[in-house]
Amino acid sequence: MSAQSDIDRSRKVIQDLQRKISQESSKVATARQKAARAVQSAQRANSPSTASSKMREAQREDDRANKAEAGRAKLEGKLADEQTKLYAAEAKLTKEQARAQQRSVDQLRSSIDPSQTQFRPTFSGAELLTSSSKPAPEYDAFVSHASEDKDEIATPLAESLRDGPALACGTGPSVQEVVPGLPLVDAPIGVSDR
């Protein structure tokens, strides 16, 4: 049986028990009222037989009230037990929902992960460097630029840094050294010694 069906069943049982408790409370109140009226009638009675009859009636009504109170107490115990079952079923449902939600998240992740890695290169810059016979170049500067500044600013600046007699800096990587599809952070950028 699922937690939701347990919850639904418990709610129906609780509703039925609450209705029965209300009925028993009405019986108690009615019997107590009848007993009180019978006692008053016995006190006002002119004959001893009428007074005795009314006192027996009051005792019967008291017995009915006591019996109804015992029945109500029993029903209240059942109600408490059923409420405990309801709370347990609600906790179970919450756990089931959390597990189902986690399964959904896991399924989403498993369907997303392959698509995220589908277009990633299967090699890294380190593999390119280690598979090459020549040592990794070291650079002193990296010129970052907008494409529209390449011809007028970036290329002359990189050439003057690389070829200038005063600095003789290594710049790079250049367009020729960056492998398409390889993230720039994985490109062969070395560490400067200056």
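Going through region 1-58, which trypsin sites (Lys or Arg not before Pro) have at most 10 other Cβ atoms within 10 Å and a DSSP loop state?
Details: sites: 9, 11, 12, 19, 20, 27, 32, 34, 37, 44, 54, 56; in loops: none.
Filter output for region 1-58: empty list.
Find out how many positive minus negative residues lie around residue 99, taking Lys and Arg as positive, Asp and Glu as negative, among other residues whose Cβ is under 11 Å from that of residue 99.
Details: positive: 92, 95, 103; negative: 96, 106.
Local charge sum for residue 99: +1.
How much of the calculated P(r) for region 1-64 lies past 21 Å, in percent of all Cα pairs? Before the final figure, lay out each step's value.
Working: 988 of 2016 pairs.
Tail of P(r) above 21 Å: 49 percent of Cα pairs.
Extension gain, residue 141 to residue 4: 0.36 nm times the residue separation minus the Cα-Cα distance gives 42.7 nm. Label positions at residue 76 and residue 159, each projected 7 Å from the Cα along the C-beta direction, are separated by 9.9 nm. Between residue 46 and residue 106, the modelled labels are 9.0 nm apart [label points 7 Å from Cα along Cα→Cβ]. Extension gain, residue 26-residue 69: 0.36 nm per intervening residue step, less the Cα-Cα distance, totals 14.5 nm.
Taken together, the values in this text are just the output of simple stated rules run on the coordinates, not laboratory data. Since this is a predicted model, take the numbers as computed values, not measurements. Because the Cβ atoms are built from the backbone with ideal geometry, glycine has one as well, and the counts that use them run over all protein chains shown.
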